[in-house]
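A.B. asks: Before I ask anything, here is the structure I am working with.
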Amino acid sequence: MDYVKRARQFRAKKKLGQNFLIDPNIIQKIIDYASLETDDTVLEIGAGLGFVTEKLAQKVKKVIAIEIDQDAIFELSSLPFSNIQIISEDILKVDFSKLTDKPLKIIANIPYYITSPILVHLLGEIDQQEHLNRKYISEIILMVQYEVAKRLVADEKSSSKEYGLLSILANYWAETDFLMKVPAKSFYPSPKVDSALVKLKIRQNPLVNLDNPTLFRRIINACFNKRRKNF
């Protein structure tokens, strides 16, 4: 499959943060890391031109492809698979309860500039104990900027530069695992920074039980906001 040729024929939109993964080895790694079963339903965020989508469709029962760009949706619609459901909507507005009745796997290659909002939409804030979307997710394979990936998997033993609000949120609701670094040349157009794959496996119960999650959220927000000001 000539991913480079297909990507070059498409005019990527900078305002949407479009960088298409064109390295077949990395695409296969994503499929492998997801440990897919034939009866799985996978939700793909930012399906783009369908390079990962078509691989997923050959492995699982159903692929729900979320894509906001109409030109990319046209390309997705041409894929020769009947088990792909394309949804033209902003992921931040998607209610997962309307898509599935049981937890599904998510694979996402998301624009760097909205990583945090998307994670909050998927996982919920620390004080959102009954966040609806999280109930319909088993695990997430996420492609993000390399520096963001290090923050996602950081813990209290990590450097202060890496450990922050995003680290606490991700690890509170999920077991995080750094999978691999992905060089910028693996994408077209190539971004200015490297990326990385991380896995977030949703916890059955949060990392710690909090008597007052809202108070805890306020405290950590205050602490990290003060740290940034001191820098």
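A.B. asks: Condition test on ALA12, is it small (Gly, Ala, Ser) and either modelled with pLDDT under 95 or farther than 26 Å from SER138 by Cα (or both)? I'd like the intermediate steps shown before the answer.
C.D. replies: Values: small (Gly, Ala, Ser): yes; either modelled with pLDDT under 95 or farther than 26 Å from SER138 by Cα (or both): yes.
The answer is yes for ALA12.
A.B. asks: Quick check: anything in the range 28-51 in contact with a strand residue (DSSP E or B) (Cβ under 9 Å, 6 or more places away or on another chain), among the basic types (Lys, Arg) and within 20 Å of ARG134 (Cα to Cα)?
C.D. replies: no
A.B. asks: Got at least one residue in the range 130-139 being in a loop (DSSP other than H, G, I, E, B), under 30 Å from LEU99 (Cα atoms), in contact with a Ser or Thr (Cβ under 9 Å, 6 or more places away or on another chain) and at pLDDT below 95? Give the steps one after another, and end with the answer.
C.D. replies: Going through the range 130-139, the residues in a loop (DSSP other than H, G, I, E, B) turn out to be 130-132.
Then keep just the ones that are under 30 Å from LEU99 (Cα atoms); that gives 130-132.
Next, only the ones that are in contact with a Ser or Thr (Cβ under 9 Å, 6 or more places away or on another chain) stay: 132.
Checking which are at pLDDT below 95 leaves us with 132.
Yes.
A.B. asks: Which ones in the range 32-55 are in a loop (DSSP other than H, G, I, E, B) and either touching a residue at least 40 places away in the same chain (Cβ under 8 Å) or small (Gly, Ala, Ser) (or both)? Reasoning before the result, please.
C.D. replies: Taking the range 32-55 first, the residues in a loop (DSSP other than H, G, I, E, B) are 34-40, 46-50.
Matches in the range 32-55: ALA34, SER35, LEU36, ASP40, GLY46, ALA47, GLY48, LEU49, GLY50.
A.B. asks: Report, by residue number, each residue of the range 56-66 that is free of Cβ contacts under 8 Å to residues at least 24 places away in the same chain and either in a helix (DSSP H, G or I) or more than 19 Å from TYR136 (Cα to Cα) (or both). Full working, then the answer.
C.D. replies: Of the range 56-66, the ones free of Cβ contacts under 8 Å to residues at least 24 places away in the same chain are 58, 61-63, 65.
GLN58, the sole residue that qualifies.
A.B. asks: Oh, and also: Which residue out of LEU56, LEU43, LEU36, LEU79 is surrounded by 20 or more Cβ atoms within 10 Å (Cβ to Cβ) and out of contact with any Leu (no Cβ under 7 Å at 6 or more places or on another chain)? Even if it seems obvious, please write down each step before you answer.
C.D. replies: On the way: LEU43 fails: out of contact with any Leu (no Cβ under 7 Å at 6 or more places or on another chain); LEU36 fails: surrounded by 20 or more Cβ atoms within 10 Å (Cβ to Cβ); LEU79 fails: surrounded by 20 or more Cβ atoms within 10 Å (Cβ to Cβ).
That would be LEU56, the only listed residue that is surrounded by 20 or more Cβ atoms within 10 Å (Cβ to Cβ) and out of contact with any Leu (no Cβ under 7 Å at 6 or more places or on another chain).
A.B. asks: Residues in the range 87-97: is at least one in contact with a Lys or Arg (Cβ under 7 Å, 6 or more places away or on another chain), surrounded by fewer than 20 Cβ atoms within 10 Å (Cβ to Cβ) and in a loop (DSSP other than H, G, I, E, B)? Show your work before the answer.
C.D. replies: At the first step, the residues of the range 87-97 found to be in contact with a Lys or Arg (Cβ under 7 Å, 6 or more places away or on another chain) are none.
Scanning the range 87-97, I find no residue that is in contact with a Lys or Arg (Cβ under 7 Å, 6 or more places away or on another chain), surrounded by fewer than 20 Cβ atoms within 10 Å (Cβ to Cβ) and in a loop (DSSP other than H, G, I, E, B), so the answer is no.
A.B. asks: Could you list, ordered by first residue, the pairs with Cβ atoms under 8 Å in which the first is in the range 16-30 and more than 11 Å from TYR3 (Cβ to Cβ) and outside any helix (DSSP H, G or I) and the second is modelled with pLDDT of 95 or more and among the charged types (D, E, K, R), at least 6 apart or interchain?
C.D. replies: Close Cβ pairs (under 8 Å, with a partner that is modelled with pLDDT of 95 or more and among the charged types (D, E, K, R)) amount to GLN18/ASP69.
A.B. asks: To continue, here is another question. Might you let me know whether the range 178-192 holds any residue that is among the charged types (D, E, K, R), part of a loop (DSSP other than H, G, I, E, B) and surrounded by fewer than 16 Cβ atoms within 10 Å (Cβ to Cβ)? Walk me through how you get there before you give the answer.
C.D. replies: Step one: of the range 178-192, the residues among the charged types (D, E, K, R) are 181, 185, 192.
Keeping just the survivors that are part of a loop (DSSP other than H, G, I, E, B) gives 192.
If we keep only those that are surrounded by fewer than 16 Cβ atoms within 10 Å (Cβ to Cβ) as well, we get 192.
Yes, the conditions are met somewhere in the range 178-192.
A.B. asks: Let me ask something additional. Please find, within the range 101-125, the residue that is surrounded by the fewest Cβ atoms within 10 Å (Cβ to Cβ) out of those that are β-branched (Val, Ile, Thr) and modelled with pLDDT of 95 or more. It would help to see each step written out before you state the result.
C.D. replies: The first filter runs over the range 101-125 and keeps only residues β-branched (Val, Ile, Thr), leaving 106-107, 110, 114-115, 118, 120.
Now narrow it down to the ones that are modelled with pLDDT of 95 or more: 106-107, 118, 120.
Details: ILE106: 25, ILE107: 26, ILE118: 19, VAL120: 16.
Taking the candidates together, the pick is VAL120.
A.B. asks: Report every pair of residues separated by at least 6 positions or lying on different chains whose Cβ atoms are under 8 Å apart, first residue within the range 162-177 and over 12 Å from LYS150 (Cα atoms) and in contact (Cβ under 8 Å) with a residue 12 or more places away in the chain, second polar (S, T, N, Q) and surrounded by fewer than 19 Cβ atoms within 10 Å (Cβ to Cβ).
C.D. replies: From the range 162-177, the pairs are LEU165/ASN221.
The values are calculated or read from the model by the stated rules, or taken from the named source; none is laboratory data. Computed from a predicted model, the values in this text were never measured in an experiment. Note that we place each Cβ from the backbone using ideal geometry, even for glycine, and neighbour counts take in every protein chain shown.
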